[in-house]
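S.K.: Here you go, one structure.
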Amino acid sequence: MIQRPKGCNDIYGREAKIWKYVESIIDATMEKYNYTYIRTPIFESTELFHRSIGESTDIVTKETYDFVDRGGRNMTLRPEGTAGVCRSYVENKMYGDPNQPVKVYYNGTMYRYERPQSGRDRELTQFGVEVLGSDDPFIDAEVISLAVNIYKMLGLKEIKVNINTLGDKESRDMYRKALIDYFKPHIGELCEDCQTRFEKNPLRILDCKVDSNNELLKNAPKTIDYLNDESRERFEAVKDYLDIMQVSYEVNPNIVRGLDYYNHTVFEIEAKVKGFGSNNVIGAGGRYNHLCSDIGGPETPCIGFASGIGRLVMALELEQVKLPIVEDVDLFLMYVNDEEKKYAAYLAQELRMAGFIVDTEYTNRSLKAQFRQADRLHAKYIAVLNSADLDNNEVKIKNNKTKEEEIISLDVLIYYLDEKLNTGLEGVDDDCCHGECDGHCHCTDEDI
């Protein structure tokens, strides 16, 4: 039997409905913030990712899926979304658009060859935003607030924002020198990867998973201590805007992020969910003011964040957040003979085009088996088609909850269903939040 590749998942059934719901909240939120959707290729030139992400990062040194195509070109399956968005921004000359800054969001699959574990796959789905063309601290705070609001609207309760700053080039260079001076006498005490990072980018040492509990890392110099006045004032402005937006945060000087292109603001957002494990970060990002120029475009200040949908769905399930997932159908059509089956095909089409969720029989089961199928689908109503009723332009409708039956004219079927399914009284869920949802109700329309 052929099996799915290791580190990849099939998303189907109820889980797929949760994913689609999460994506609908993302889309709706982006619309409110006036971010437009962007779609970039799943694979691009290897140079784009290796050059932009940084040769010293774990993603490039260990995790990218690289291949040579039939034309002899070096290609890489995208490991993250930012580099492709920047390439599109430069190639399509979006910097010439008078509507600035350019605010976009994406939602797509990424690929990293890492050891599969809970919440970390080789094929992962990320959504994220990128704002290109503004260096205002205001937009830094907006990007953070946008991410926080998505998580809150989905129903996660305890969200923690950790922020830090790497400062500008001058500040980062001073910090880099301080790290080199600090680690140099003890470099032999660190793992082999860290010894390589020391030569290429000592900031990467602070991200090491092997030596994360090493006292050397815990006592290492902090970025904030090496900021120049301009970088320090900028960071204070970002915090002021977060305060204005009522976004709670903590300054965490240990955050440096795992990609080389970051400068100034960096942040991570945690979900305090029982059972989520020690790594409870569900979203992260930061500012990158030199990436567009590094890949051949104009100097462009940018900021963004990304979040894994798989980890987000896992957090929602562990938190037992009740989501308004549609797991029933409005009407199930039953029939016995071929004449009734043809009418079921016609009626299903008409009702679906009118906006109803309709299903019917496709495997020629008995009427008794069709009733069982309607129950499995949680059908709200059942329409039992029979030739005698159809000859009279009528249909028998059964409320599958109360078991009450009526025979109505087919001419008013749409109006009948519309009235019954939109009264707001039927199908009320006893577990509805009844206002105990902090202003973000996750109940169905019938619950309200």
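The values are calculated or read from the model by the stated rules, or taken from the named source; none is laboratory data. Only a predicted model underlies this, so the values are computations on that prediction, with no experimental measurement involved. A quick note on method: Cβ atoms are made from the backbone with ideal geometry, for glycine too, and the neighbour counts reach across all protein chains shown. Please note that ligands, DNA and RNA were not included when accessible areas were found on the heavy atoms of the full protein model with its side chains. Shrake-Rupley method; radii C 1.70, N 1.55, O 1.52, S 1.80 Å.
S.K.: Which one of I397, I303 is at pLDDT 95 or above, open to solvent by less than 50 Å² (accessible area, probe 1.4 Å) and under 30 Å from K169 (Cβ atoms)?
M.R.: I303
S.K.: Right, Y261: hydroxyl-bearing (S, T, Y), touching a residue at least 12 places away in the same chain (Cβ under 8 Å) and part of a helix (DSSP H, G or I) or not?
M.R.: No, not satisfied.
S.K.: Mind checking which residues of the range 1-13 are open to solvent by 70 Å² or more (accessible area, probe 1.4 Å), within 18 Å of R311 (Cβ to Cβ) and touching a residue at least 24 places away in the same chain (Cβ under 8 Å)?
M.R.: If the condition is that a residue be open to solvent by 70 Å² or more (accessible area, probe 1.4 Å), within 18 Å of R311 (Cβ to Cβ) and touching a residue at least 24 places away in the same chain (Cβ under 8 Å), then N9 is the only one that fits.
S.K.: Right, next: Can you list residue pairs whose Cβ atoms sit under 8 Å apart, with the first residue in the range 370-390 being farther than 23 Å from E339 by Cβ and open to solvent by 10 Å² or more (accessible area, probe 1.4 Å) and the second being hydrophobic (A, V, I, L, M, F, W, C) and at pLDDT 95 or above? Count only pairs 6 or more apart in sequence or on different chains.
M.R.: Filtered contacts from the range 370-390: L377/V329; L377/F332; H378/V329; K380/V329; K380/L331.
S.K.: For the range 144-177, enumerate the residues that are more than 14 Å from A271 (Cβ to Cβ), of a type in the set (D, E) and either crowded, with 17+ Cβ neighbours inside 10 Å or in contact (Cβ under 8 Å) with a residue 12 or more places away in the chain (or both).
M.R.: Hits for the range 144-177 are D168, E170.
S.K.: For S118, indicate whether it is small (G, A, S), crowded, with 18+ Cβ neighbours inside 10 Å and modelled with pLDDT under 95.
M.R.: So S118 fails the test.
S.K.: So which residues in the range 223-276 are among the hydroxyl-bearing types (S, T, Y), touching a Phe, Trp or Tyr at 6+ places or on another chain (Cβ under 7 Å) and either open to solvent by 60 Å² or more (accessible area, probe 1.4 Å) or over 19 Å from N289 (Cα atoms) (or both), if there are any at all?
M.R.: Scanning the range 223-276 gives Y226, Y241.
S.K.: Sticking with this structure for a sec: Identify all residues within the range 189-205 that are in a helix (DSSP H, G or I) and surrounded by fewer than 16 Cβ atoms within 10 Å (Cβ to Cβ); write none if there are none.
M.R.: Passing the criteria: E189, E192, Q195, T196, E199, K200.
S.K.: In this structure, does A141 turn out to be open to solvent by less than 10 Å² (accessible area, probe 1.4 Å), of a type in the set (A, V, I, L, M) and closer than 21 Å to F276 by Cβ?
M.R.: no
S.K.: Inspect the range 352-362 for any residue being in contact with a helix residue (DSSP H, G or I) (Cβ under 6 Å, 6 or more places away or on another chain), of a type in the set (G, A, S) and open to solvent by 40 Å² or more (accessible area, probe 1.4 Å) and give the result as yes or no.
M.R.: The answer is yes; a qualifying residue exists.
S.K.: Exactly one of these conditions fails for R87: (1) assigned to a helix (DSSP H, G or I); (2) within 20 Å of I309 (Cα to Cα); (3) of a type in the set (K, R); (4) at pLDDT 95 or above. Give me its number.
M.R.: Every listed condition holds for R87 apart from (2).
S.K.: Taking the options V238, V210, name whichever one is out of contact with any Pro (no Cβ under 6 Å at 6 or more places or on another chain) and either at negative phi or outside any strand (DSSP E or B) (or both).
M.R.: Exactly one residue qualifies, and that residue is V210.
S.K.: Can you confirm whether Y105 is touching a helix residue (DSSP H, G or I) at 6+ places or on another chain (Cβ under 6 Å), open to solvent by less than 30 Å² (accessible area, probe 1.4 Å), among the aromatic types (F, W, Y) and modelled with pLDDT of 90 or more?
M.R.: So Y105 fits the description; yes.
S.K.: Name the single residue, out of those in the range 400-433 being over 20 Å from G355 (Cα atoms) and within 34 Å of the chain's Cα centre (by Cα), that is modelled with the lowest pLDDT.
M.R.: Ranking the candidates gives V428 first.
S.K.: So, one more: With the condition kept exactly as written, say whether any residue in the range 178-188 is of a type in the set (S, T, Y), out of contact with any Asp or Glu (no Cβ under 9 Å at 6 or more places or on another chain), in a helix (DSSP H, G or I) and open to solvent by less than 20 Å² (accessible area, probe 1.4 Å).
M.R.: So far as the range 178-188 goes, no, none of its residues is of a type in the set (S, T, Y), out of contact with any Asp or Glu (no Cβ under 9 Å at 6 or more places or on another chain), in a helix (DSSP H, G or I) and open to solvent by less than 20 Å² (accessible area, probe 1.4 Å).
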